Amino acid sequence: MAKNIQLIRGMHDVLPEQSPLWRRLELGLQQLMDAYGYAEIRMPVVEKTELFVRTIGAVTDIVEKEMYTFEDRNGDSLTLRPEGTASCVRAGIEHGLLHNQVQRLWYQGPMFRHERPQKGRYRQFHQAGVEVFGLPGPDIDVELVLMTSRLWTVLGIDGLKLELNSLGNGSARETYRRHLVAYLQDHEDKLDEDSQRRLHTNPLRILDSKNPAMQSLIAAAPQLSEHLDAESAEHFARLRELLDAAGIVYTINPRLVRGLDYYQKTVFEWVTERLGAQATVCAGGRYDGLVEQLGGRSTPAAGFAMGLERLLALMEKDRVAPVALQPHAYLVMVGEQALSSGLMLGERLRDQLPGLRLLNHCGGGSLKNQIKRADKSGALVALILGEDELARGQISVKYLRRQQEQQTVKQQDVADILTELMTSEGDE
């Protein structure tokens, strides 16, 4: 016998019993984006490798170690997208969506990074992202934070904390980079292997190290806030004023640098202590230079991305109720003529009642057997159509979840009973 083919390490299946909670999360996202007037964009999962090298940075861990890159039959280097912002900017430039326009866009879908799998971190993972173009002020930064804060309420998630920082503009960050490198070179013997490698390629990432042995060294390092340009400092001050006015609680984290090269000015993260090492649930900020970096005209931009698997883990911890997907009704059909008439009755009911979840029994069997199947399905009622009901133009309604007597009604009246069931489900 041939050996079973197993799931690829770091990938995972979403099984039927897990889908209702995914549906709850996805519906919450869609409703949130609609509430703020954001339009959905969908990008391909495969892009030219150059796109990510130019945006994320050639010497980042993502590009150097984690991307799924391959050569296609034409000899082109292609990559499964490791994040969504670069693809969204590429699409905006290519389709003329960005110049002298304001765009509020969102997307969701799978991303791919060849990391060491652990709880909350997979090689195929799902992100939802928001990207805004054409708005340079701190007000849109605040809107992004307010959106995420509202989402936690919509999803029923507690205990997330907001951290903020400002990275300044490109020249300010370059000045700070020189000061930081000089400081770290003076203490190079205390740097771990990863940090020594990053010292001359991506030194700001050293500040994000979780190595306990380096925390005192990092704490004593020069702070970026001491080197901010005047415009970025004013932007950050106004951002904090608006957040204070909105009642948003936050902490300024001077070590928050983000792992992608394109960020500048505002950066933020929503973090939790309830997911072990995977503390960051949502992260974002401004990337005003990225559109121009990819060949477009200079365009202010900001956004965020969140890992859906991490949100689902928090929803499970907080016992968030999934979307109800069990059938409202299970249509029992006994006999050949009842089967033919019942299938057509089911279609008429679905036409008449949008949103009705009606499961047809298939495979034949006795009335008793079909009722057992109806109960196992989780349906609220069984609609029974046998020879007697068919001859009289009626249908029997057996309640499976209520202490209520079975009743027989005219077929044209069963829609009223189903409407009541659907309404009462929405009120629960």
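The values are calculated or read from the model by the stated rules, or taken from the named source; none is laboratory data. The model shown is predicted, which means the values in this text are computed figures rather than measured ones. Because the Cβ atoms are built from the backbone with ideal geometry, glycine has one as well, and the counts that use them run over all protein chains shown.
In the range 248-365, counting only strands (runs of 3 or more DSSP E) that sit wholly within it, the ones holding 3 or more residues that are touching a residue at least 60 places away in the same chain (Cβ under 8 Å) and closer than 30 Å to D141 by Cα span 250-252, 264-271, 280-286, 301-307. The set of residues in the range 48-67 being under 24 Å from the mean Cα position of the chain (by Cα) and in contact (Cβ under 8 Å) with a residue 40 or more places away in the chain consists of L51, T55, I56, G57, T60, D61, I62, K65, E66, M67.
Take the residues of the range 363-384 that are in contact with a helix residue (DSSP H, G or I) (Cβ under 9 Å, 6 or more places away or on another chain) and not β-branched (V, I, T): which is surrounded by the fewest Cβ atoms within 10 Å (Cβ to Cβ)? Across the range 363-384, the extreme among qualifying residues is G363.
Taken together, the residues in the range 125-149 that are among the polar types (S, T, N, Q) and over 23 Å from V249 (Cα atoms) amount to 1. Of the listed requirements (1) in contact with a strand residue (DSSP E or B) (Cβ under 7 Å, 6 or more places away or on another chain); (2) of a type in the set (A, V, I, L, M, F, W, C); (3) surrounded by 15 or more Cβ atoms within 10 Å (Cβ to Cβ), L294 misses just one: (1). Checked against (1) in contact with a helix residue (DSSP H, G or I) (Cβ under 8 Å, 6 or more places away or on another chain); (2) closer than 25 Å to Q127 by Cα; (3) at pLDDT below 85, L199 passes all but condition (2).
Taking the numbered list (1) closer than 23 Å to T60 by Cβ; (2) part of a loop (DSSP other than H, G, I, E, B); (3) not aliphatic (A, V, I, L, M) in turn, E131 passes all entries but (2).
Among the candidates L331, L421, L314, L390, single out the residue that is among the aliphatic types (A, V, I, L, M), surrounded by 18 or more Cβ atoms within 10 Å (Cβ to Cβ) and at pLDDT 95 or above. Give the steps one after another, and end with the answer.
Details: L421 fails: at pLDDT 95 or above; L314 fails: at pLDDT 95 or above; L390 fails: at pLDDT 95 or above.
That would be L331, the only listed residue that is among the aliphatic types (A, V, I, L, M), surrounded by 18 or more Cβ atoms within 10 Å (Cβ to Cβ) and at pLDDT 95 or above.
Taken over the range 186-228, the residue count meeting the criterion of being more than 18 Å from N253 (Cα to Cα) and surrounded by fewer than 19 Cβ atoms within 10 Å (Cβ to Cβ) is 14.
Residues that are surrounded by fewer than 20 Cβ atoms within 10 Å (Cβ to Cβ) and among the charged types (D, E, K, R) within the range 105-140 comprise E115, R116, K119, R121, R123, D139, listed in sequence order.
The single condition among (1) without any contact (Cβ under 8 Å) to a residue 60 or more places away in the chain; (2) in the same structural domain as L275 (by TED's automatic domain parsing); (3) within 31 Å of the chain's Cα centre (by Cα) that N165 does not satisfy is (1). So which residues in the range 229-247 are farther than 30 Å from R90 by Cα and touching a residue at least 12 places away in the same chain (Cβ under 8 Å)? R238, R240, L242, L243, A246 - these are the residues of the range 229-247 that are farther than 30 Å from R90 by Cα and touching a residue at least 12 places away in the same chain (Cβ under 8 Å).
Annotation note: of F268, F304, the sole residue that is at pLDDT 95 or above, of a type outside the set (G, A, S), assigned by TED's automatic domain parsing to the domain that holds E66 and touching a helix residue (DSSP H, G or I) at 6+ places or on another chain (Cβ under 6 Å) is F304.
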